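Peer 1: This is the structure, below, for whatever I ask next.
The values are calculated or read from the model by the stated rules, or taken from the named source; none is laboratory data. Bear in mind the structure is a predicted one, so any value in this text is a computation, not a measurement. Here the Cβ positions follow ideal geometry from the backbone for every residue, glycine too, while neighbour counts run over all protein chains shown.
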Amino acid sequence: MKLRTLIFVALVAVSILPVGILAFWQYKTAYDNEFSIVENQHKVISRNLAIALERYATDLRSAFQLAVTNLDHRHKIDGLEQNLSELYFKHVCSIDAGGNIQRLQCALACPQNPRFSQSVLASLSATRNEATANPGRTFFSPITFNPAGDPAIYLLRKLEDGNIAIGEVAPDYFIELQQAVAFGEKGHAAIVDQEGRVIAHPRKSWMASIKDLSAVSVVQQMMNGENGVTRFYSPAVETDMVAGFNVVAATGWGVMVPQPQVEIFQHAKRVSRVALTIAMLGLCVAAFLGWWISGIISRPMQLLADAAQSVARGDLSSKVDLDDKLRPVEMLKLQGSFNQMIDDVSRKNTVLVNLAHEAVISSNHKSAFISSLNHELRTPMNAVLGFAQMLEINENEPLSENQKSSVEHILRNGNHLLELIDQMLELNKIEAGTLPLNMEDIPARDVLDESLYLIQARANTDHIEIIDNTGGEALPLLWTDSTRLIQVLLNLLSNAVKYNREHGRVSLACREVHGGLLRISVIDNGLGIAAELQDKLFQPFERLGHELGQVDGTGIGLSITQQIVEKLGGHIGFESEQGRGSHFWVDIPLSNKQIDPDDASEELVDDEEGAAERADATSTSRTLLYIEDNPDNLHLVEAIIDQYKNLHLLSAPNALIGYDLATSKKPDLILMDVNLPGMNGLQAMKRLRNTPETRLIPIIALTSNSTPQNIEAGLNAGFDGYLTKPIVVSELMKAIQKTLDNITDPI
């Protein structure tokens, strides 16, 4: 996904989320919100209407009382008649028990007869009884018809002389108050008396007939003295209504403000549509702004990305040039920083190229030095170990026991020195984690004995007792690289001796552990390791006891030891307590091919017997040509060939003389060094292969070039065998024997 698209989608999504939630919330809550608003409004309106009626009832009661008090002196109060008229009084009078009018105060209209209407008195009987029972108090009657047949409300009061004062009030104020409230299409106000009959209503016919609404639920609530908001079915408009209602406590009149629910639904829908429209417009604006802003941000980023790709391809001349109009300051700073970085990289690249060139030259020199050092070390070691082996196997001049022991020391320590040389050659691979391994089935006893033998001399010098707790045990075969495992054990044993106390002890133990592993433990009672140093023990270049000024290590640190053990498929661990000693262990995988120890002993005896008979193995006279420029190595091979009765050795100090001898003498086998002066061994071997007289003669390389790459290259070039120096006499003799045995007829 492109950056601009990503930014655009993100900005729009951020805009959609709140707007969408708000629109959805408005849509879902529109009806509830609208009903809540309407109900609150209607409740307030009905309350205000009730307050107005309460005040009107108070004014009516006051004016009626004033008029009744002054019926005998009605002309003495100025404006009384006008005041009564403004309150819609038609007249105020007093009547006796027979209904005859005794005194009269006219306002809007006067009675037509001196006798009060008996039908009206009949409708006022309940109110008349209340007034009779409570002299001096004013009571309001329900709405009723006056003698003219018009709706009217009457005020009644029992006078001290026993007569009844009656005041007739037209419902005009109620009608004016009701008509002042109208909203929506059918929203209105309605006023009923204490019995639920209509006083004021939008329907004139209901007012003219004094419609009885006492069966309507909201009217019943008002007749019970309740106030509030309700929903009900209105017979007037034949639909469900929402109404706020209130009661005038002093008179019992009820005020309600109903509105059809369908109008509220329609208004809520309109509000929802408006909200959704605003939301859509907001989203369109957000999308436009998002696309515009994403372009402002993404365009510089795209230019930076293109420039970075050009730089990655090696074009250090790429720069970014942004138009500074409407670009964020941060982008302009990024542009400047990027261009500055390119300038710095360009300068440093020139320096790095020069350094890399120098590093390649240095690496080549290092490789050449190591290769030369390898050859120079192996050449004298070849003579040392070769002649030591000849002393060991020379049956014509047997050695004394002390001499045998000395020769064994020469061979063992010389071989260990060779292993250290190999480690030096492989140091770069160890550091790179590409350590080559030669995994095979190895008797654990051989590895332990070799390690103990090599450490014994050092232990004797330091007066440290070596205890082999594995002696006499039948130890299993291990699947491992014996050289690497010996290096590991020698490092642990060397550390145990080196950091021990005088006349201390080092013990070696073995046991099989879960997971098909053999745990080899090295335990000492030496100085131990401080707790604060234990976490750093396997870190590179950490050396035990360096803070105490003790001697250096064996040449392979615990960090590399850990890598070797893990490469061998095992684990390494330790426990240590300062002042009490340390316990190091390595877990090495067991071989899947375990053998009986007795079978191994018989095989060893057979090998020794075969070696004893090697001098007689060749019954046919053969000629062997050895091309070697080092006299010591030549004398060593001469000593080895002397062990064969039927072998005749020819020698040449360089490849040219060797080639002439090969073509003239046609030897049965050629041994040849690779590092020869002038024509080297590979060139000589190819020339011999291209010469008809010598192309079938077996050629075995005998050289100090011992790396796996050298061996592979030599075999691929055409050598029939490849042996490395220092010579292992038994291996050389086996190679000679095997090659000659494959020759059926002398050449």
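Peer 1: Out of TYR154, TYR233, which single residue is aromatic (Phe, Trp, Tyr), without any contact (Cβ under 8 Å) to a residue 40 or more places away in the chain and either under 30 Å from GLN118 (Cα atoms) or surrounded by 18 or more Cβ atoms within 10 Å (Cβ to Cβ) (or both)? I'd like the intermediate steps shown before the answer.
Peer 2: Working: TYR233 fails: either under 30 Å from GLN118 (Cα atoms) or surrounded by 18 or more Cβ atoms within 10 Å (Cβ to Cβ) (or both).
Only one candidate passes the filter, namely TYR154.
Peer 1: Please state which one of VAL247, VAL216, VAL198, VAL274 is of a type in the set (A, V, I, L, M, F, W, C) and closer than 30 Å to ALA13 by Cβ.
Peer 2: On the way: VAL247 fails: closer than 30 Å to ALA13 by Cβ; VAL216 fails: closer than 30 Å to ALA13 by Cβ; VAL198 fails: closer than 30 Å to ALA13 by Cβ.
Of the residues listed, the single one that is of a type in the set (A, V, I, L, M, F, W, C) and closer than 30 Å to ALA13 by Cβ is VAL274.
Peer 1: Which of the residues spanning the stretch 236-266 are crowded, with 24+ Cβ neighbours inside 10 Å and of a type in the set (Phe, Trp, Tyr)?
Peer 2: PHE245, TRP253
Peer 1: Would you pick out the residues in the stretch 126-163 that are polar (S, T, N, Q) and in a strand (DSSP E or B)?
Peer 2: Passing the criteria: only THR144.
Peer 1: Here's another thing I want to ask about it. Would you mind telling me which numbered condition in (1) closer than 19 Å to ASP587 by Cα; (2) in a helix (DSSP H, G or I); (3) in contact with an Asp or Glu (Cβ under 7 Å, 6 or more places away or on another chain) TRP479 fails?
Peer 2: Here TRP479 clears every test but (2).
Peer 1: Could you please find all residues in the stretch 682-720 being buried (at least 19 other Cβ atoms within 10 Å of the Cβ) and either hydroxyl-bearing (Ser, Thr, Tyr) or without any contact (Cβ under 8 Å) to a residue 24 or more places away in the chain (or both)?
Peer 2: Residues satisfying the conditions are THR694, THR703, SER704, SER706.
Peer 1: Looking at (1) on the phi > 0 side of the Ramachandran plot; (2) at pLDDT 90 or above, find the lone condition where HIS583 falls short.
Peer 2: HIS583 satisfies every listed condition except (1).
Peer 1: Pull out all pairs, ordered by first then second residue, where Cβ-Cβ is under 9 Å, the residues are six or more apart or on different chains, the first lies in the stretch 172-194 and is farther than 19 Å from PRO151 by Cβ, and the second is charged (D, E, K, R) and crowded, with 19+ Cβ neighbours inside 10 Å.
Peer 2: Short answer, once both residue conditions are applied: PHE183/GLU263; GLY184/GLU263; GLU185/GLU263; LYS186/GLU263; GLY187/GLU263.
Peer 1: Follow-up question, since we're still on this one. Taking the stretch 220-256 as the search range and keeping residues that are of a type in the set (D, E, K, R) and not in a strand (DSSP E or B), which one is modelled with the lowest pLDDT?
Peer 2: Among those that are of a type in the set (D, E, K, R) and not in a strand (DSSP E or B), it is GLU238.
Peer 1: Please find, within the stretch 633-681, the residue that is farthest from ASN710 (Cα to Cα) out of those that are surrounded by 15 or more Cβ atoms within 10 Å (Cβ to Cβ) and acidic (Asp, Glu).
Peer 2: Checking each candidate, the answer is ASP668.
Peer 1: Here's another thing I want to ask about it. Restricting to the stretch 121-151, count the residues that are of a type in the set (D, E, K, R) and either loosely packed, with under 12 Cβ neighbours inside 10 Å or within 18 Å of ALA170 (Cα to Cα) (or both). Full working, then the answer.
Peer 2: Looking only at the stretch 121-151, we keep the residues that are of a type in the set (D, E, K, R), and these are 128, 130, 137, 150.
Right, trim to either loosely packed, with under 12 Cβ neighbours inside 10 Å or within 18 Å of ALA170 (Cα to Cα) (or both) and you get 150.
Looking only at that region, the number is 1.
Residues are listed down the side, and each one gets a yes or a no for (1) surrounded by fewer than 22 Cβ atoms within 10 Å (Cβ to Cβ); (2) in a helix (DSSP H, G or I):
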position	(1), (2)
SER451	no, yes
ARG458	yes, yes
THR470	yes, no
THR483	yes, yes
LEU490	no, yes
ASN495	no, yes
ASN500	no, no
VAL506	no, no
GLU512	yes, no
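Conditions tested, residue by residue: (1) aromatic (Phe, Trp, Tyr); (2) in contact with a His (Cβ under 6 Å, 6 or more places away or on another chain); (3) at pLDDT 80 or above.
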residue	(1), (2), (3)
TRP25	yes, no, no
SER36	no, no, no
LYS43	no, no, yes
LEU49	no, no, yes
TYR56	yes, no, yes
LEU60	no, no, yes
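Peer 1: Now for a different question. Tally the residues that are in a strand (DSSP E or B) and either in contact (Cβ under 8 Å) with a residue 40 or more places away in the chain or closer than 28 Å to THR132 by Cβ (or both), restricting the search to the stretch 195-219.
Peer 2: Quick first cut of the stretch 195-219, residues in a strand (DSSP E or B) only: 197-200, 212.
Going one step further and asking which of them are either in contact (Cβ under 8 Å) with a residue 40 or more places away in the chain or closer than 28 Å to THR132 by Cβ (or both), we end up with 197-199, 212.
Qualifying residue count for the region: 4.
Peer 1: Scan the stretch 595-605 for residues that are among the β-branched types (Val, Ile, Thr) and modelled with pLDDT under 50 and jot them down. Before the answer, list the steps.
Peer 2: From the stretch 595-605, those among the β-branched types (Val, Ile, Thr) are 595, 605; that's our starting set.
Matches in the stretch 595-605: VAL605 only.
Peer 1: Here is a follow-up. Here are LEU355, LEU377, LEU334, LEU322: which of them is at pLDDT 75 or above, of a type in the set (A, V, I, L, M, F, W, C) and surrounded by 11 or more Cβ atoms within 10 Å (Cβ to Cβ)? It would help to see each step written out before you state the result.
Peer 2: Details: LEU377 fails: at pLDDT 75 or above; LEU334 fails: at pLDDT 75 or above; LEU322 fails: at pLDDT 75 or above.
It is LEU355.
Peer 1: For VAL192, which of the numbered conditions (1) touching a helix residue (DSSP H, G or I) at 6+ places or on another chain (Cβ under 7 Å); (2) closer than 26 Å to GLY98 by Cβ; (3) buried (at least 20 other Cβ atoms within 10 Å of the Cβ) fails to hold?
Peer 2: All conditions pass for VAL192, except number (2).
Peer 1: Let me ask another. Which is among the β-branched types (Val, Ile, Thr), surrounded by fewer than 20 Cβ atoms within 10 Å (Cβ to Cβ), outside any helix (DSSP H, G or I) and out of contact with any Lys or Arg (no Cβ under 9 Å at 6 or more places or on another chain), of ILE37, ILE77? Quick ask: steps written out before the conclusion?
Peer 2: Numbers: ILE37 fails: outside any helix (DSSP H, G or I).
On inspection, the qualifying residue turns out to be ILE77.
Quick grid of which residues meet (1) assigned to a helix (DSSP H, G or I); (2) touching a helix residue (DSSP H, G or I) at 6+ places or on another chain (Cβ under 7 Å); (3) of a type outside the set (Lys, Arg); (4) crowded, with 19+ Cβ neighbours inside 10 Å:
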| residue | (1), (2), (3), (4) |
| --- | --- |
| LEU49 | yes, yes, yes, yes |
| ALA52 | yes, yes, yes, no |
| ASP72 | no, no, yes, no |
| VAL92 | no, yes, yes, yes |
| ARG103 | no, no, no, no |
| ASN113 | no, no, yes, no |
| SER119 | yes, no, yes, no |
